[in-house]
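The values are calculated or read from the model by the stated rules, or taken from the named source; none is laboratory data. Note that the structure is predicted; figures quoted are calculated from it, not measured. For neighbour counting, all protein chains shown are included, and Cβ atoms are generated from backbone atoms with ideal geometry for every residue, glycine included.
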Amino acid sequence: MWFDQTDYHINDKRYEIKEFVRLLNETPSPGDILSGSPLKYEKRILKFLIGKEYVEELPEGLKLHEARKRLVCALLGGRPTIHVQKLDIDFYFVKVLRIPEGVKFKTTEVSVSGSIGDLRLFLPIIHPESFPLKVLRVWVTDPSMLDIPEVRSAQELEIHFNDDSNYNKLHNLPNRTIRVVDYDMPQEAIIGLIDNWVDFGKDVGSTFTTECGPLNHLVSDVLKEAEEMFGGRKVELVEKDERCYTSIIAIPMPFSSSELIVYGYRIDYYHIKMAVIPQGLTIPIENSSIEVVLEESVEEPLVDESYETEDFENPNRGCLQSLFSCFGL
C-alpha cells in the first residue's frame, strides 16, 4: 500500500480526488449589453478517479479535503487492523495526511519519504506487532529520530539525510544492515565510520552501503585511504561478489576473529560497501595497490513506481457504487 496527501494505491489500483477548472460562458443578466464573445468564468470541479478506468464528477459544494477524507474512509474504514506487505508514505508539501480514525497497518516494511516526513508522526497508524521491522526507509529530518527504538530495531535501515552534518549519527546505530542513499556523503564521513567500526567493533554480518552516484572517483579515494590509514591489505573473497569492480581491502578488527572488508560495486550507480566477516573468508593478494576499473558515467535509471500489497480484503472491493455513494453520487 502506498499513499500520499492526494491519492492511495491499493492492490494495483490508484484512487484519487483531483481538482479541475472548467471555463464556462457567463450568462448576461437583464439590462447587460454584450459586445463580442461571451465572457468566461472559472468553475472549480472535483473528479473521482480510479486508475484510468473510471471518472466521476463529484457534487457541487463538496470541498476537496472533505472528498479525500470520505474516500479514504470508504477504502480503509471499519476495521482496526489492515495487513499490508509494505506501507509507503510520501509526505512532502501538504501537512495533512487523511486517515480513518483508529486504523492501524500491520506490516514488515515501512517507507516514509519526503522533506517534511518524520517517522514519529506515523507511529500511531503502525500496529505495534509490526516491530521490529524487517525493512525501514526514512528521511532524517531531525537526527534525534535515529535514537527511537522503532528505528534502531529494524533489521535493514535505509537512510536519506537532509543535513550532511548528521553522518556521525551512523556510528551508534545497531542495525545489522545500513544503507545511505545520499550521493554526496563525504569521504571523511565514510572514513570516520570505518574508524568507528574498527575501534568499537561490530557483529559479524553487519554491513554498510552508500550510493556514490554516477561517478566513481569517490570509491577509489576511499579505498586508497582505508588501505593507508588502517593497514588494510588487498584480498579476494572466497565467495566472490560478482558486482564488485574494485580491489577489496581487508582491515583487521582488534580483539576479534573477524575482519572488515571495504570495496566498490555497481548496480546502476556506484556504491561503497563495508562488511564484517569471519576470518578465513578472504585470500591475500601480494600486490596491495588499489585497482579501480574506470567506467563511463551512468545515466539516471528509470524508477519503478509499482507497489504491491497483500491480505487487503476490502469489503467494498468490486462494488464501485459503494465508493460513489460516499460522495452522494
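I'm checking my understanding of the structure. Among residues of segment 258-288 that are hydrophobic (A, V, I, L, M, F, W, C) and within 24 Å of the chain's Cα centre (by Cα), which one is surrounded by the fewest Cβ atoms within 10 Å (Cβ to Cβ)?
From segment 258-288, those hydrophobic (A, V, I, L, M, F, W, C) are 260-262, 267, 272, 274-277, 281, 283, 285; that's our starting set.
When the remaining residues are screened for being within 24 Å of the chain's Cα centre (by Cα), the result is 267, 272, 274-275.
On the way: 267: 10, 272: 25, 274: 23, 275: 22.
Looking at residues that are hydrophobic (A, V, I, L, M, F, W, C) and within 24 Å of the chain's Cα centre (by Cα), I get 267.
Residues in segment 1-48 that are within 20 Å of residue 76 (Cα to Cα) and part of a loop (DSSP other than H, G, I, E, B): 1, 4, 5, 6, 11, 12. Summed over segment 77-91, the residues that are among the basic types (Lys, Arg) and surrounded by fewer than 17 Cβ atoms within 10 Å (Cβ to Cβ) give a count of 1. Within segment 108-121, residues that are basic (Lys, Arg) sit with their Cβ atoms under 9 Å from residues that are at pLDDT below 95 and surrounded by 15 or more Cβ atoms within 10 Å (Cβ to Cβ), at 6+ positions apart or across chains, in these pairs: 120/145. Counting only residues that are modelled with pLDDT of 85 or more and under 15 Å from residue 3 (Cβ atoms), segment 114-134 holds 4 of them. Exactly one residue out of 60, 19 is modelled with pLDDT of 85 or more and surrounded by fewer than 11 Cβ atoms within 10 Å (Cβ to Cβ): that is 60. Taking the criterion of being under 18 Å from residue 82 (Cα atoms) and part of a helix (DSSP H, G or I), the residues of segment 129-153 that qualify are 129, 130. The residue list 55, 21 contains one member that is touching a Leu at 6+ places or on another chain (Cβ under 6 Å), over 30 Å from residue 157 (Cβ atoms) and not assigned by TED's automatic domain parsing to the domain that holds residue 146, which is 55.
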